[in-house]
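The values are calculated or read from the model by the stated rules, or taken from the named source; none is laboratory data. In this text the structure is predicted, and so the values were computed from the model without any measurement. The protein model used for the area step is the full one, side chains on, heavy atoms only, and it has no ligands, DNA or RNA in it. Shrake-Rupley method; radii C 1.70, N 1.55, O 1.52, S 1.80 Å.
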Amino acid sequence: MDPSNQKHFTIVDYVIFGVLLAASMGIGLYHALSGGRQRTTQEFLMADRSMHCLPVSLSLIASFQSAVAIIGVPAEIYTHGTQYWFIGCAYILGLLIPAHVFIPLMYRLRLSSAYQYLELRFSKAVRICGTLTFIFQTVIYMGVCVYTPAFALNAVTGFELWGAVLATGLVCTLYTTIGGLKAVIWTDVFQTVVMFAGQLAVIVVGVLQTGGVSEVWRKVWEGNRIAGFDLNPDPTERHTFWTLGVGGVFLMLSLYGVNQAQVQRYLSSRTEKDAVRSCYMVFPSLQLALALSCVMGLVMFARYCGEDHTDKLGSSSRDAMVIYFVMDMLQGLPGLPGLFVACLFSAALSTISSAFNSLATVTMEDLIKPHFPTMSEGKAILLSKALAMSYGLLCLAMAYLTHLMGDSVLQVALKIFGMVGGPILGLFCLGMFFPWANSCGAVAGLGTGLTLSFWVGIGSIVTRSSGARPLPPTCLQYDNTTAAIQTALRNVTHHSRPSGLKRFYSLSYMWYSAFSCFSVVLAGLIISFITGAMKEEEVTPGTVYPLFGKLFCFLPEHLKKKLCCVTPLQQTVPAQQIQPPNHKESNGLVSHCEDRQSPEETDAFLPEAQALFMEYETAM
């Protein structure tokens with residue numbers, strides 16, 4: 001393919017791409033002018049808690065299925081084979097646990113921000129630490145999401161790269177700012193349909209032009225791209241069944257359990273049952289999205305047999321092979337190149353808009369409102385919209401840093417989720433499952449988790465030890481000679497493994513979330529017990545999931561009360577009506593370990609707690 005002849009859009013392509021942007025803007029404008037016209041923060045940030053489970057579930061998919069996945073997963077399969085497909089096993093527990101643990105607990109507290117929970121369970125300082133960590137993670141990740149489709153548009157049309165970045169960010173910022181969460185969710189629904197249509201079109205055309213399904217299967221099998229169960233327990237192996245199926249569970253929990261972008265959608269549901277149903281409905285769609293991306297990578301391999309054509313697009317990134325493949329397959333079919341680029345931009349817009357809205361929510365609810373409790377609703381809604389717009393512009397600046405990274409966009413994105421999302425997950429797990437944890441332990445645990453995860457992550461980037469040797473490009477018959485060559489390559493890789501500290505840096509990026517989560521919990525519990533573990537009566541009702549009560553159900557009741565908190569989850573009670581234990585603060589740092597509640601304060605709090613427990617028992 002001569003790129004000078006092929007790298008262009010037809011008029012039909014531009015029309016399809018333009019319709020996508022116009023429709024997204026139209027949905028935002030409609031919700032800006034309908035209903036309550038986004039005049040309250042409840043409507044702008046929480047969609048009036050009136051959403052049904054179907055749009056919420058499609059929005060949850062769109063938020064996760066970014067342009068990073070649409071480009072990154074096929075490139076991963078093309079280069080390394082189908083081992084990555086096993087991450088689908090992690091989707092089971094990664095969605096069941098949020099549906100039955102995180103969603104009921106948070107929904108019944110009637111939160112607006114997930115990080116309000118941290119103040120109810122610990123203190124305001126822990127809430128601020130969690131909020132700032134989330135903001136840091138999301139702003140960096142948005143840079144990757146904005147850059148990826150802009151890079152694709154530049155590759156297939158020659159459109160100026162940073163002009164495309166600017167167009168993506170501005171369109172998304174505008175409809176998020178004027179339409180609020182309702183606009184974000186309904187544009188996600190529309191964009192999800194476009195995403196699936198674009199991928200399906202590329203796969204169907206690619207299979208037909210490669211010679212049919214049987215020919216595709218023959219080439220990928222002979223090219224050794226079909227991976228079996230790799231049960232190697234070595235955590236430094238980049239992708240094995242354990243790194244993907246077990247490490248991936250923690251990655252999914254950090255996304256679907258405690259990430260504000262997803263939690264905000266659960267909390268916008270009409271009822272708790274709708275929120276749980278939306279989580280269940282995500283599972284088949286996520287499996288379909290994963291399958292489409294993986295099949296696309298296999299069709300790519302059947303077409304090019306692992307050869308690298310990225311230099312023809314003026315790029316050294318393996319991710320560019322996906323763009324090359326799309327333009328090669330779809331040239332001469334007016335409208336389909338535009339449909340795929342619209343698919344990429346749909347994925348990007350849905351993820352970015354979710355982030356902008358969630359960033360505005362946590363900033364407003366966690367950092368501004370507590371200091372200005374008497375702020376009028378008019379000023380609050382204007383400030384929320386200004387925050388959404390400001391974060392949109394900030395994420396545009398972060399896009400510049402993305403193209404400086406050497407890893408694939410998929411690996412960069414998952415590293416970010418692991419390095420920052422893992423410690424946030426650990427902080428929530430510390431509060432929900434361990435009633436003894438106090439505020440000192442929470443702050444110390446979060447700091448420890450972030451320090452260790454950044455140490456490993458930055459160490460792997462500096463030493464470049466987290467990469468993997470691509471499988472050899474070949475479509476020859478897979479005979480004994482080919483097997484011998486590949487065995488020799490594996491042996492060379494095995495004997496050249498780093499040792500000492502470099503081996504520590506070689507930890508698979510899929511384990512980052514689990515590693516940092518356990519670091520937070522372990523450090524948090526140690527510090528909590530050193531400084532004085534919390535007692536059951538000191539814990540805010542409804543903020544602890546009775547995990548140990550369920551695990552040790554065979555023990556006598558008096559032993560369970562000594563070992564752990566067995567308090568049941570409460571029924572729905574607004575968070576504003578639940579006052580957290582009085583934690584004194586000094587210079588922004590929690591001094592809970594020095595200043596425990598007095599008996600008088602505890603006695604004053606007990607009647608409210610007992611009333612909540614009685615309400616729960618009556619309802620049951």
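Points to keep in mind about this one:
- Average silhouette area of the range 322-369, convex hull of alpha-carbon atoms, in square nanometres: 3.9 nm²
- On the range 166-249, 75 percent of the accessible area sits on carbon and sulfur atoms, based on a 1.4 Å probe.
- Length released on extending from residue 463 to residue 287, taking residue separation times 0.36 nm less the Cα-Cα span: 60.0 nm
- For the range 170-266, the calculated P(r) over all alpha carbon pairs, in 5 Å bins from 0 to the bin holding the longest distance, is 2, 10, 10, 11, 13, 15, 15, 13, 9, 3, 0 percent.
- Rounded if a/c under 1.5, otherwise prolate or oblate - the range 213-277, Cα gyration tensor axes: oblate
- In order through the range 417-433: 3J(HN,Hα) via Karplus (6.51 cos²θ - 1.76 cosθ + 1.60), integer Hz, x for Gly, Pro: 4, x, 5, 10, x, x, x, 5, 4, x, 5, 5, 5, 4, x, 7, 10
- Cross-link check: pairs 182/379; 124/385; 502/550 evaluated at a Cα-Cα cut-off of 32 Å; pairs beyond the cut-off: 502/550.
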